[in-house]
Amino acid sequence: MFERFTQDARSTVTGALAEAERTGAQRIGEEHLLLALLALGVLDPLGVDRAAISADLAVARRRGGMSKADEEALAGLGIDLTEIVSRVEETHGEGALADPAPRSRSGRTRFTPGAKKVLEQSLRIAVGRKDRHICALHLLLSLLSRPGTAAEVLTDHGVTYAGAEAALAG
């Protein structure tokens, strides 16, 4: 599949690895792909605020990647996620919930299952659009097509699948 990636898509993947390493993450997740797309300026034509999106992703990382929907569901059960995060961080230090997964035995940073699905979905999107290669747009559309923190943060900042497709397709 990677042989079909354009240079900007490859740069996104290598940028995601760099973002994971920068944040001390043990695995490359969907948020790292989004941060790499931001760093490459892929979302600039959509008028996004890079700093605000990065800050929202950092907040989600502190919550262990739980989305607002997860937080609302827990609140419906009487569980205050903010309080839980605070207590865990009091005991184990700030960011204790950020990335609990261990590094692989080989020492290489691996993709999370969600990030793997984003890469796979980007191929499906490219094929569905009858594109011969997978580019950064396909990765962005893939992030937007999947439920989770990355799509939630993008949507909170006014980035939708249809809007991204229309604005970046040209």
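Structure values in brief
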item	result
Long-range HN-HN contacts of Ile134 with modeled amide H, under 5 Å	Phe5, Thr6
Of His157, Ala20, Pro45, farthest towards positive along the dipole that unit charges on Lys, Arg, Asp, Glu beta carbons give the chain	Ala20
Those lysines that a straight Cα-Cα span of less than 30 Å connects to Lys68, excepting residues fewer than 8 apart in one chain	Lys116, Lys117
Carbon and sulfur %, accessible surface of the chain computed with the full protein complex present, 1.4 Å	52 percent
Debye log10 I(q)/I(0) for the stretch 26-79, one point scatterer per Cα, at q = 0.12, 0.23, 0.30, 0.31 Å⁻¹	-0.35, -0.90, -1.16, -1.19
Estimated dipole of the chain in Debye, rounded to 20 [Cβ of Lys and Arg +1, of Asp and Glu -1, Cα centre]	980 debye
log10 of Debye I(q)/I(0), alpha-carbon scatterers only, for the stretch 119-160 at 0.16, 0.22 Å⁻¹	-0.39, -0.65
Helix-only [θ]222 nm of the chain, DSSP H runs n ≥ 4, -39500 (n - 2.57) each, per residue, nearest 500	-18500 deg cm²/dmol
For the stretch 18-83, size of Cβ-based charge dipole, Lys and Arg +1, Asp and Glu -1, in debye	200 debye
Cα centroid separation - the stretch 1-41 against the stretch 106-158, whole Å	11 Å
Mean Cβ neighbour count within 10 Å, used as a protection proxy, ranking 134-140, 144-150 highest first	134-140, 144-150
Residue-normalised accessible area of the chain, given per residue in Å² at a 1.4 Å probe	54 Å²
Share of Cα-Cα pairs in the chain lying beyond 26 Å, as whole percent	29 percent
Amide H partners (placed H, <5 Å) of Arg110, local residues excluded	Ile28, Ser104
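The values are calculated or read from the model by the stated rules, or taken from the named source; none is laboratory data. For clarity, every value in this text was computed on a predicted model and none was experimentally measured. We place every Cβ from the backbone using ideal geometry, glycine too, and count neighbours over all the protein chains shown. Protein only, heavy atoms only, side chains kept; ligands, DNA and RNA dropped before computing areas. Shrake-Rupley method; radii C 1.70, N 1.55, O 1.52, S 1.80 Å.
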